[in-house]
Amino acid sequence: MKKIIQLLFISTAIFSLSLIDDDYASRIKVFDEYPVPSDENMLFYIQKSYNTNTVVYAANIDVDGKLNAKEPVLVFWRRYQEQGQKRELKVIERTFGYGVNSKPIKDRPNTYKFTLVSLKDMSFIITLDKKGKPQVATIIDKKPAQIEKVFVTAEHISLLPKIFSVEVFGKEIKTHQPLYQKFNNKE
C-alpha cells in the first residue's frame, strides 16, 4: 500500500474543480434515504440527488484471481428506481459520464491507474491485496485515501444532467479517519 501512496503523490495533480470545506459528519447524511449496493468486488459507488439509481464501480477479477488486463474496473447501474437490477451503462453514459479510462502501472504487476471520464483530474490506483481483495486508492482532501462513495448534486433536465457539485467520501489510508471533499462545478 505504501508504494500505491507514493504513486498517487507522483502521478496525481488532483482536482481542477474548486474546493469547499464542509464537515464529513453532517454531509454523510445525504445518503440516509438511499439504498446501499453490495455487489461483489465493489470499489465505490456514485449516487445522485435526483433519483436513487446508483452507479457501481467494481474490480473485474479474472478466473486466475488477477485483475482483467483489458478492463480492470467494471461500471454498471443498480436501478433502484425499478427493481434494483443491474444494467450496463449506455454508450453516452460511458463516454461522457461514468465510464473509466485505465492503464497498467509500469513495474507494478496487477496494478492499474484509472480515471473517470467526467473527473479526469482525479486518478485512482487499483490493485489486489495479499488475500486477493480489491483495493482502490486516491487523494481526498490532500490525503491518501480509500474512496467509499460519491454524491452528485445535479438536475436532470436534458439528455445529460447539469452538475452542481460532487462530494467525495472515504477514509484516510493510514489512520482510517473519515475524509470528505466537495467540489463545485465551475460553470
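A few remarks follow.
- Choice from Lys142, Lys130, Lys171 showing the highest fluctuation, given a GNM over the chain with Cα pairs closer than 10 Å: Lys130
- Net charge contributed by nearby residues that have their C-beta within less than 13 Å of Lys143 (K/R +1, D/E -1): +1
- Largest to smallest principal axis extent of the C-alpha atoms in region 16-113, angstrom: 41, 36, 26
- Relative to the globular-protein estimate of 2.2 N^0.38 Å, the Cα radius of gyration of the chain stands at 0.99.
- Gaussian network model of the chain, springs between alpha carbon atoms under 10 Å - residue of Val91, Val150, Val30 with greatest fluctuation: Val91
- Segment Gln81-Ala69, extension gain: residue separation times 0.36 nm, minus the distance between their alpha carbons: 1.0 nm
- Taking other residues whose beta carbon is less than 13 angstrom from the beta carbon of Phe124, and scoring Lys, Arg as +1 and Asp, Glu as -1, yields +1.
- Between Lys29 and Thr52, full extension at 0.36 nm per residue minus the direct alpha carbon distance yields a gain of 6.8 nm.
- Across region 103-187, Cα-Cα pairs farther apart than 22 Å form 35% of the total.
- Among Asp23, Asp64, Asp129, residue whose mean-square fluctuation peaks in a GNM of the chain (springs only between Cα atoms under 10 Å): Asp64
- 21 Å Cα-Cα threshold exceeded, pairs from Lys29/Lys186; Lys70/Lys142; Lys106/Lys130: Lys29/Lys186; Lys70/Lys142
- Pairwise inverse Cα distances across region 47-158, averaged and inverted, put the Kirkwood hydrodynamic radius at 15.2 Å.
Coordinate-derived values only; no laboratory data. As the structure is a computational prediction, the values presented were derived from the model and not from experiment. Methodologically, a virtual Cβ is constructed for each residue, glycine included, from the backbone with ideal geometry; neighbour enumeration extends over all protein chains shown.
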